[in-house]
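Please read the structure below before turning to the comments.
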Amino acid sequence: MKSKKRLKIGIFMDNFYPSIDGVVVVIDNLAKMLAKFNDVTLVVPYTESYKEDYKRPYNVHRVKSINVPFSEYNVGKIPLKHSKEFKKLLEEDFDIIHIHSPFTMGLIGLKVAKHLNVPCIATVHTRFDFEVQRIVKSKRLTNQIMKKIIKVFNKCDMCIHVNDTMIEEYKNLGYTKDYAVIYNGTDLAPINSKEIDKSINMVNKLYDLSKNDTVLLFVGRINSVKNIYFILDSLKLLKKDGFKFKMLYVGSGPDEKKLQTKIKESHMDDIITMTGKISSRELLSAIYLRSDLLLFPSVFDTSSLVRIEAAVNATPGLFIKDSMVGATVKNNYNGYISELDEEKYKDRIKEIISDKKLLKKVSKTAQKTLGKDWMTIAEETYNEYLKVIQNKH
């Protein structure tokens, strides 16, 4: 990598620290690795309360923003062409722009790329049709919004998809440009063998678990699109069958209070713990290590980071058949698949936990086959940058 050209890379995204979600974690890790052999600037919305940008190994440029009412998010304001703010962005003299959103920050990135006459690529992280439909609750309006989203991606020189399944879906929606597939990676490392007992004991103590408890786990945004209530309904059936287990929901999100209420109403609060947001990567690794099975029935996600994070610490996941995340694992090899049906999902959990020999084998295979480090991802992304730059000129 040292002999290759050092690029000036502008990464534009709608959300960044102090907010934490899957895309923020992805971009932070990608930028850290790219910054080892390039000049990287993240362009993100301004957040008044956050003063930690200087600690990053890459530059962070905050643009003027508006707070979204009743949320932790800020939306960037598109600067006018002759404004000081826009001129500052042009002065960065980027070689390439990489947008991670088709919305405000993506539009700013496209605008900068056009004025600098440099290529702009996009990474598609999300099934926008699911999210839009959930918010607007209208198929007709969803289709109109999706046309606008695809129009933005078609203005880019190429798109990076985080799994193979998304390619055909976006082609069907009207995407016509070049594409590449680059899976996500992880910054988590397996817990040192000397620290395993200590880590397990720490998690047991924190969440009142006994050493023999079967521990089921969800990690992610506490959001209905992740099928968090589907998990709860499946677990109620599991309890009704007399199956003994403990469950951890790790994360925060807009449906946190609603889920907590449903857990209490279901009289499941003695076996289900909501941990809230966990920022410590060491603690998160320990939780994965302690858990027997990751429950991730989302049909919304495209290439979930938690699938990889869990695998690093030898915890396989149970996913949904024909979902994009489910398509990234092989059933009974490095993960498990189930139908999107509470009764069948419940039965699948019982089958998996009951077959200890297969579970151990699948756990080890998941660890070997699914974990990819971020430097590998950064090098793959950098090579795509070079191709697009060469094609542009």
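Laboratory data are not the source of any read-out in this text; all were calculated from the coordinates shown. Remember, it's a predicted structure, so these values are computed and weren't measured experimentally. Methodologically, a virtual Cβ is constructed for each residue, glycine included, from the backbone with ideal geometry; neighbour enumeration extends over all protein chains shown.
Counting only residues at least eight positions apart within a chain, or on another chain, the lysines with an alpha carbon under 21 Å from that of LYS36 are LYS2, LYS4, LYS5, LYS8, LYS55, LYS372, LYS387. For the chain, what proportion of DSSP beta bridges, expressed in % and rounded to the nearest 5, is antiparallel? Here the share of antiparallel DSSP bridges comes out near 10 percent. The Cα atoms of region 82-209 give a gyration tensor whose axes a ≥ b ≥ c have a/c of 1.5 or more with a/b greater than b/c, which makes the shape prolate.
About its Cα centre, the dipole of region 193-370 is roughly 480 debye, where the only charges are +1 on Lys and Arg Cβ and -1 on Asp and Glu Cβ. In this structure, ASP241 and GLU169 have a Cβ-Cβ separation that, at R0 = 30 Å, corresponds to a calculated FRET efficiency of about 0.25. The label-point distance for HIS115 and MET202, in a model that sets each label 7 Å from Cα toward Cβ, rounds to 4.7 nm. The H on the amide N of TYR73, modeled in the peptide plane, is under 5 Å from the matching H of VAL68, each at least 5 residues off or on a different chain.
In terms of packing, defined here as the mean over residues of other Cβ atoms within 10 angstrom, the peptides 176-182, 317-323, 48-54, 33-39 line up highest first as 317-323, 33-39, 176-182, 48-54.
Projecting the Cα positions of SER252, LEU217, LEU235 onto the charge dipole of region 193-370 (unit charges on Cβ atoms of Lys, Arg, Asp and Glu, taken about the Cα centre) puts LEU217 furthest along the positive direction. Scanning residues 5 or more positions from LEU248 or on other chains, those with amide H under 5 Å from its amide H are LEU216, LEU217, PHE218, THR273, with H placed 1.01 Å from N in the peptide plane.
In summary, the lysines within cross-link reach of LYS151, defined as a Cα separation below 22 angstrom excluding same-chain residues under 8 places away, comprise LYS77, LYS81, LYS111, LYS114, LYS137, LYS139, LYS171, LYS177, LYS392. Using a/c under 1.5 as the rounded threshold, could you call region 193-370 rounded, prolate or oblate? The axes a ≥ b ≥ c are square roots of the C-alpha gyration tensor eigenvalues, and prolate needs a/b larger than b/c, oblate otherwise. Rounded shape, in that the Cα axes give a/c under 1.5.
Tell me which residues come under 5 Å, amide H to amide H, from ILE337 once H is placed; ignore anything under 5 positions away on its chain. The list, which skips near neighbours in sequence, is PHE319, ASN332. For a straight C-alpha distance cut-off of 19 angstrom, the lysines reachable from LYS257 (same-chain residues fewer than eight places away being disregarded) are LYS226, LYS236, LYS277.
Couplings 3J(HN,Hα) for region 211-225, derived from phi with the Karplus relation 6.51 cos²θ - 1.76 cosθ + 1.60 (θ = phi - 60°), are 5, 9, 5, 7, 10, 9, 9, 10, 10, x, 5, 7, 9, 4, 5 Hz, where x marks Gly and Pro.
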